[in-house]
Each structure stands twice: as structure tokens, then as C-alpha cells.
Amino acid sequence: MAIGQGDFLEDGQVRALCTQCGAEKHEPFDRCEKCALQPVGDDLIKATAASVYRHFDQPSKADNYAYELAAYRDKDLTPLLSTIADDEFDRLRRWLSEATQAPALAANFGQLVRKFLPILLIAAIIGALLAYLKH
Ligand SMILES: [Zn+2]
């Protein structure tokens, strides 16, 4: 189950908030347009907790959370973040490291295939020609 680009965009819903200034963002990993915070490391875990991805595996909870987040728009997120338990942050940390590694692997594999495909095609054509000439 993945949260899509177009999910949780109803009126009164917010997908993600900047953990530093509370500005609304589309994705937790986006750079904040207001205060320029680019969340990485622990900031990214916090930013994920302050986004619909907190409930990445439960779409109905994510839907409710999008309304909850709207109440914190442009506000200090400390009260919100302080309600999130350490083990939930750990769960998000694990999910983030999986989510950021798997697509990278897939992209690398795709690049490898694109790089070597012409060579493979040429080798196949030469092989076919040689087989034909031997007859
Ligand atoms: Zn900000």
C-alpha cells in the first residue's frame, strides 16, 4: 500500500508540514518554500511523522491525519510531535530506509539494462549473422 501523489488533497487536508515553521508541503522530503529547511536524517523522520506517511500502511488513518495536520498549519509542531512515541519513530525510520533503498536499486537496474541493451542487441545480430553464414 502506497500513498500516491494525488491522495489526501481534499479541502481541509494537508499532506505534510514543515517541522520547523509549519508551512504546508506536498511531500515530507520536499524543501520548505517558506523557511528553506531541507529535511534529512532525523529531521526527515520527524517530517515523515508530520505527514500522511505517518500512516503509510493505513489509508483511512492517513485520511484522518490529513485533517489533523491541517490544524497545525503554520504553527509550532512540537505538541504534535511530542505525542508520537519513540517506537513509532523507529518504525518510520525503518520504513524510510526501505522505501529509499528499493527504488534506488530498481533505478540502478534500469540504467544497467539501458546501458547494455544496445551491446546485447548488436551481439545477438552478429551471432545470428555468423550462424547464417556457417550454413
Ligand atoms: Zn519551513
*Return yes or no: is Arg73 more than 16 Å from the ligand (Cβ to nearest atom) and charged (D, E, K, R)?*
no
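For Glu68, indicate whether it is assigned to a helix (DSSP H, G or I) and among the acidic types (Asp, Glu).
Yes; evaluated as a whole, the condition is true for this residue.
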_Lone qualifier among Asp30, Asp76, Asp86, Asp42 - being in contact with a strand residue (DSSP E or B) (Cβ under 8 Å, 6 or more places away or on another chain) and at negative phi_ = Asp30
*Are any residues in the range 9-50 assigned to a loop (DSSP other than H, G, I, E, B), polar (S, T, N, Q) and surrounded by 22 or more Cβ atoms within 10 Å (Cβ to Cβ), and if so, which ones?*
Thr19
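Hey, among the residues in the range 2-54 that are of a type in the set (Val, Ile, Thr) and away from the ligand (no atom under 11 Å from the Cβ), which one's farthest from Asp90 (Cα to Cα)?
Val14
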*Condition broken by Asn108, with the remaining ones in (1) more than 23 Å from the chain's Cα centre (by Cα); (2) at pLDDT below 95 satisfied*: (1)
*asked:* Against the definition (within 16 Å of the ligand (Cβ to nearest atom), part of a helix (DSSP H, G or I) and either modelled with pLDDT of 95 or more or exposed (fewer than 12 other Cβ atoms within 10 Å of the Cβ) (or both)), how does Leu80 come out, yes or no?
replied: yes
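The values are calculated or read from the model by the stated rules, or taken from the named source; none is laboratory data. Note that the structure is a prediction, hence the values are computed from the model and not measured. Positions of Cβ are generated from backbone atoms using ideal geometry, with glycine treated the same way; all protein chains shown enter the neighbour counts.
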